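This structure is in structure tokens; I'll ask about it shortly.
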Amino acid sequence: MAGLELLSDQGYRVDGRRARELRKIQARMGVFAQADGSAYIEQGNTKALAVVYGPHEIRGSRSRALPDRALVNCQYSSATFSTGERKRRPHGDRKSCEMGLQLRQAFEAAILTQLHPRSQIDIYVQVLQADGGIYAACVNVATLAVLDAGIPMRDFVCACSAGFVDGTALADLSHVEEAAGGPQLALALLPASGQIALLEMDARLHEDHLEQVLEAAAQAARDVHTVLDRVVRQHVQEASILLGD
Amino acid sequence: MSLATRTEFLDDSGCGCCPQEDLRVDGRGCEDYRCVEVETDVVSNTSGSARVKLGHTDILVGVKAEMGTPKLEKPNEGYLEFFVDCSANATPEFEGRGGDELGTEIANTLYRIFNNKGSIDLKSLCISPREHCWILYVDVLLLECGGNLFDAISIAVKAALFNTRIPRVRVLEDEEGSKDIELSDDPYDCIQLNVENVPCIVTLCKIGYRHVVDATLQEEACSLASLLVAVTSKGVVTCMRKVGKGSLDPESIFEMMEVRLVLRQVLGPGWECLLLPAPQSCCGHSPHLPPSPQAWSLESSWCELDVSELAKGAGRERGGLRDRDLPPAHNSCLSSASLIPGSMFLKENA
């Protein structure tokens with residue numbers, strides 16, 4: 001990692017955080033009026049929006065309808081100006097398709113799809129500014145949007161990334177840390193049960209260190225859950241005040 | 001046809017409004033805009049960005065300046081590239097490739113309204129003739145559709161261009177004739193674009209025998225056809241288009257252009273003072289102070305402007321173009337609030 005010290009001797013990272021410290025998370029539910037559910041999240045400089053439509057009738061060909069559960073449809077797209085270098089296409093490229101698929105798998109694990117047979121739930125995630133931890137931000141914002149839409153879920157889906165530098169696991173990697181090329185692990189957790197909804201690791205990492213990194217990511221995801229839970233509770237409180245209950 | 005039947009016909013048109021009596025379903029008059037919110041400097045990794053909210057329509061525009069080679073036919077000018085992303089966030093119909101058609105249509109309209117020498121000084125984007133120039137990628141992202149897309153997009157594009165800061169570069173030439181480009185060290189040493197002549201679009205929707213500005217989705221659905229006029233604050237029309245499936249009488253086109261003249265008076269100066277940095281601009285005392293780039297880069301501004309109030313104010317000043325009086329509650333038509341930069345979705349919804 002030429003010339004860039006990701007973790008100083010004193011234990012500080014490039015942006016001044018400690019190894020297991022998260023970036024600041026700010027979120028808001030119900031940002032759009034027309035969608036069934038919507039949410040916005042800022043994790044450090046990463047900003048993402050999610051919109052949920054449904055459950056509704058299957059759009060397009062009826063043959064896609066599942067007789068026993070709802071179809072979860074996810075689309076990931078990232079604004080052309082979101083990255084440092086301008087992107088040519090907002091969606092439809094390989095990475096976006098993969099992200100869409102992973103989101104879908106994570107949410108099929110969490111949404112009680114059997115309650116809505118022969119229907120469809122659309123989750124659209126849009127990244128407005130990318131600064132590392134995109135997958136985690138997308139999962140977190142989509143969770144809030146699904147909750148805002150009032151779709152029954154087993155649990156929150158909370159995600160966080162983790163890396164490994166100089167024998168230490170780092171939680172919630174920023175873009176600089178991701179670009180340095182070390183191992184990185186993305187983890188989506190159902191915090192109440194501790195079940196893992198998604199696990200993905202890039203680059204190489206010795207087996208002995210895996211547990212440490214996994215533990216760091218899981219702890220970070222639980223921390224994210226605390227923040228998201230507070231956001232949801234605050235939103236419900238605000239909404240109930242508005243309704244006059 | 002008697003007047004009574006005409007009115008009935010209009011009432012049956014489906015939107016439940018009665019433009020004949022200058023009263024629309026949401027209580028606005030035919031020439032009233034909804035409240036516009038403009039926020040600049042929202043995405044930090046762009047050269048300039050803006051978010052505009054017009055009723056339920058929500059637009060985010062990012063401008064990225066990249067270095068490239070000038071076009072062959074215009075060797076000493078830079079150029080603008082437009083791209084409109086109709087994301088599935090706006091409506092599920094835009095999923096996959098569904099939004100491409102509308103996106104291309106809007107992008108082409110933007111190309112057309114900027115296709116003249118006056119709109120923007122493209123020569124200032126040239127670094128060295130025939131070799132290097134700045135290309136401004138203007139990327140529009142539709143976050144929510146609530147009618148009147150074109151007007152909202154043009155406002156957002158103008159605000160984003162106003163917010164654009166392009167780093168100043170120098171071309172150094174050594175004895176052998178090889179050129180080297182040097183970027184300024186000072187992050188505040190940048191060029192700003194003059195957006196005074198950047199046009200805004202005013203869309204006039206024909207409903208029955210009247211036309212309305214700033215139509216909502218429902219009003220657009222029962223409009224036969226609409227006229228789209230791009231006009232600068234000086235009153236220069238840079239583009240005109242008829243959109244929609246219906247047809248328009250030439251008479252009514254001229255009638256619509258009249259309304260546009262009134263609105264231009266309103267929109268032009270209104271936007272300019274809106275785009276100046278907060279808080280001086282928004283108090284209305286000195287709306288033409290030159291913006292200081294430092295203040296801008298450190299603090300984003302968020303302003304709210306009720307154009308219809310401005311319209312009424314302007315009407316009064318110009319000798320009673322409209323006979324309705326300004327409501328006493330609205331002493332100031334501009335209000336402002338300072339926010340943490342880029343906190344766009346985190347503030348309370350009004």
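Give me the lysines in straight-line cross-link reach of residue A:24: C-alpha distance below 25 Å, same-chain residues under 8 apart excluded.
Counting by Cα, and skipping residues close in sequence, residue A:24 has these lysines nearby: A:47, B:347.
For the pair residue A:192 and residue A:206, how long in nm is the line joining their label points, each one 7 Å along Cα→Cβ?
4.0 nm
For the pair residue A:85 and residue A:233, what calculated FRET efficiency results from E = 1/(1 + (r/R0)^6), where r is the Cβ-Cβ distance and R0 = 25 Å, to the nearest 0.05? Let's see the in-between values first.
Numbers: r = 39 Å, r/R0 = 1.57.
E(calc), rounded to 0.05, equals 0.05.
Within 10 Å of each Cβ in A:51-57, how many Cβ atoms from other chains are there, averaged over the peptide?
Other-chain Cβ atoms within 10 Å of each residue's Cβ, averaged: 2.
Under the definition of Cα pairs under 8 Å and six or more residues apart, what whole-number percent is the relative contact order of chain A?
21 percent
How large is the translational diffusion coefficient of the range A:25-243 in µm² per second when you combine the Kirkwood radius over alpha carbon pairs with Stokes-Einstein at 20 °C and 1.002 mPa s? Could you put the intermediate results ahead of the total?
Numbers: Rh = 17.7 Å.
Answer from the Stokes-Einstein relation: 121 µm²/s.
When the Cα centres of the range B:131-182 and the range B:82-110 are compared, how far apart do they sit, in Å?
21 Å
Which aspartates and glutamates, on any chain, are close to residue B:245 with Cα under 14 Å apart, when same-chain ones fewer than 8 places away are left out?
Cα-Cα hits under 14 Å: B:220.
Please give the Cα centre distance for the range A:209-245 versus the range B:197-239, rounded to the nearest Å.
Their Cα centres are 45 Å away from one another.
Considering every residue in A:71-81, what mean count of other chain Cβ atoms within 10 Å of its Cβ is obtained?
Average neighbour count from other chains, rounded to a whole number: 5.
At 0.36 nm per residue, and after removing the present C-alpha to C-alpha distance, how many nm does the segment from residue B:240 to residue B:81 gain when stretched out fully?
Answer, rounded to one decimal: 55.2 nm.
Let me ask you something else. Between 0 and 90 degrees, rounded to the nearest ten: what's the tilt of helix A:207-243 against the longest Cα principal axis of chain A?
So the helix axis and the longest Cα principal axis differ by about 40 degrees.
Hey, which lysines would be in cross-link range of residue B:234, C-alpha to C-alpha under 30 Å, not counting anything within fewer than 8 residues on its own chain?
Hits, sequence-local ones excluded: B:53, B:64, B:71, B:74, B:117, B:123, B:158, B:206, B:242, B:312.
Compute, for the range A:25-243, the length of the dipole vector about the Cα centre, with Cβ point charges of +1 (Lys, Arg) and -1 (Asp, Glu) only. Units Debye, rounded to 20.
1020 debye
Order these by the 10 Å Cβ neighbour count, fewest first: B:64, B:242.
With the sparsest Cβ surroundings first, the list reads B:242, B:64.
Taken together, the values in this text are just the output of simple stated rules run on the coordinates, not laboratory data. Note that the coordinates shown come from a computational prediction; the quantities given were computed from them, not determined experimentally. Methodologically, a virtual Cβ is constructed for each residue, glycine included, from the backbone with ideal geometry; neighbour enumeration extends over all protein chains shown.
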